[in-house]
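Take a look at the structure below.
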Amino acid sequence: MTWIFENWDKFLELTAVHLRLAVVPVLIGLVISIPLGWVASRSRVASAVLLPLSNILYTIPSLAMIVIMPALIGSKILDEINVVIPLAIYTVALLIRGISDALRAVPGHVVAAATAMGFRPLRRFITVEFPLAVPVTIAGLRVAMVSNISMVSIGALVGLGGYGQLFIEGYQSNQDKVWAGLIATIVLALIADTLLQVAGRVLTPWVRAGR
Amino acid sequence: MIEFRAVTKRFEDGTIAVDELDLVVEAGTITVFVGPSGCGKTTSLRMVNRMIDSTSGTILVDGKDVMSVDPPTLRLGIGYVIQQAGLFPHRTVLDNVATVPLLSGWDRKRARTRAAELLETVGLDSGFAKRYPAQLSGGQQQRVGVARALAADPPVLLMDEPFSAVDPIVREGLQDELLRLQGELGKTIVFVTHDIDEALKLGDRVAVFREGGHLAQYAKPAELLSAPANDFVASFAGRDRGYRTLTFLRADVPVREVTTATLGSTVTSNGWVLAVDENRRPVGWLSPVDGATEVTADKLISGGSLYDGSSLRAALDAALSSPSALGVTVDPDGAVVGVVQADDVLKALATARAAGEVPS
């Protein structure tokens, strides 16, 4: 732990990289899983393909996915995208089922009322259907966020930054660095989770009103 | 005015939901579509705002073919109330009501002001504005549903079994409220229900549908009861339709005097005594006793329905449901004015019949 205070600048730099590598994939994953979740909620065929596929993708070991990336997409070995894409895929895998189920659970009379009032489909989705799926989406985001913050460390094995570097360096020389990385990861995950939880409460006051 | 001209709806599997429907809904009136499930009443309603498109025929709303308008635009001008209200759970009551004005391009402030007015119109105080639908009872949600449909002041209102998911007492209140609102607003309303009593109560005219999407009869409620077009209508209108016909008859029934006494007083009478409160509102009956007796709450037998001068049905029911066989008659403030007897109601009916006032 003392390592953190003795190397504060280095620590902040690692934190920034770690955070970037964890958050960017969550955002990308969210943007992708909303339309995919919608498609899965509307079509049985799409849901029969997308949901098992997302499960399979989730079972691919992260290290394997990271090392295979340069060969797949032609990126450089040390490009951050090699971590971002796999983590985005995991995020999609975690979110898509929940979003699809939540959209399906929007009561038929609510959708019918919206249509009958003159909503066009896109506006209806943005202002009525998706907002009702937000609680489930936030729950999925919290899992994806925490799991990404943990998994980013794997990137250190292929030379990408984040707290994972502390594990590799500490393994060779300094137990204190390992503890510093471990604790920093947990604290970061807790902070991110709390922020998302608060965001969820602010965005969905109606959920508590029903109880 | 809404006009159905030879409208047919055939679903993809070949079922005919509505068969050559010809019907005119007069402007400013309530027309009720009633019938058993699968009779095409809801399909007919939903073709008006193109939630369902007809297979053939024409539907005109105020002279304009609905097929010539893009559905979302058409719907902005047609209010819609659905069973279970269909309120948006994530929006406050006020924002739910402001939905259509906002969709129609009003600014937020004007839309909310209008929404607040409408909540008052449907009898919800301003305390409800900031609540969410889940915090409301079923009856309150349905009031919000009505307010939401009225928000942009559409000339036409479609109501799809709006009150069928609430309990009977609340439903009756909502029906009365709708009639009161309609008295003020004069909308062109199409109301779908499977409940014949609701249809007869609310409709200026009632369209009875039967299986296969056929219109069995389209008539005023009294005519439907007294002159059903066929056996289907006769049986659908129910066995006690003779009795229910009385709902639509107003005739003078002699109101007789009754001995009344306030609670706590002492009364001497050898007949039934009606106990009243300080405002002369009825509280119960005291059965006949010999000699003087004190009127106390524990001796009272609760009364039947009250007759307010509205219809022969109310008069007869008051008499039949009263423990003394005397129907308590009240003025608009609820104060006792006298009693009516079943015999007198039947005599009044006979007189009305002789005078040709009762269709037969």
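From the list A:Leu190, A:Leu195, A:Leu132, the one residue that fits, being without any contact (Cβ under 8 Å) to a residue 60 or more places away in the chain, within 10 Å of chain B (Cβ to nearest Cβ), part of a helix (DSSP H, G or I) and under 23 Å from the mean Cα position of the chain (by Cα), is A:Leu132.
Residue pairs whose Cβ atoms lie under 6 Å apart, separated by 6 or more positions or on different chains, with the first residue in the stretch A:113-127 and within 7 Å of chain B (Cβ to nearest Cβ) and the second aromatic (Phe, Trp, Tyr) and surrounded by 14 or more Cβ atoms within 10 Å (Cβ to Cβ), are A:Ala116/B:Tyr80. Kindly indicate whether B:Gln142 is within 19 Å of B:Leu181 (Cβ to Cβ), within 8 Å of another protein chain (Cβ to nearest Cβ) and crowded, with 18+ Cβ neighbours inside 10 Å. No; evaluated as a whole, the condition is false for this residue. Residues in the stretch B:99-111 that are surrounded by 19 or more Cβ atoms within 10 Å (Cβ to Cβ) and either outside the structural domain of B:Ser164 (by TED's automatic domain parsing) or touching a Leu at 6+ places or on another chain (Cβ under 9 Å) (or both): 3 in all. Pairing residues of the stretch A:1-19 that are in contact (Cβ under 8 Å) with a residue 60 or more places away in the chain with residues that are among the charged types (D, E, K, R), at Cβ distances under 6 Å and at least 6 apart in sequence or on separate chains, gives A:Trp3/A:Asp176; A:Trp3/A:Lys177. Looking across B:Leu76, B:Leu87, B:Leu102, one residue alone is of a type in the set (A, V, I, L, M), without any contact (Cβ under 8 Å) to a residue 24 or more places away in the chain and within 23 Å of B:Met51 (Cβ to Cβ). It is B:Leu102. Among the residues of the stretch B:288-306, those that are more than 15 Å from B:Val336 (Cβ to Cβ) and over 36 Å from the mean Cα position of the chain (by Cα) comprise B:Pro288, B:Val289, B:Asp290, B:Gly291, B:Ala292, B:Thr293, B:Glu294, B:Thr296, B:Asp298, B:Lys299.
Looking only at the stretch B:62-83, residues that are within 22 Å of B:Trp106 (Cβ to Cβ) and of a type in the set (A, V, I, L, M, F, W, C) come to 5 in all. Being touching a helix residue (DSSP H, G or I) at 6+ places or on another chain (Cβ under 6 Å) and farther than 18 Å from A:Tyr58 by Cβ is true of A:Gly118. Is there a residue in the stretch A:72-95 that is part of a helix (DSSP H, G or I), more than 26 Å from A:Val146 (Cα to Cα) and within 11 Å of chain B (Cβ to nearest Cβ)? No, the stretch A:72-95 contains no residue that is part of a helix (DSSP H, G or I), more than 26 Å from A:Val146 (Cα to Cα) and within 11 Å of chain B (Cβ to nearest Cβ).
The values are calculated or read from the model by the stated rules, or taken from the named source; none is laboratory data. Only a predicted model underlies this, so the values are computations on that prediction, with no experimental measurement involved. In this analysis, Cβ positions are derived from the backbone assuming ideal geometry, glycine residues included, and neighbour counts consider all displayed protein chains.
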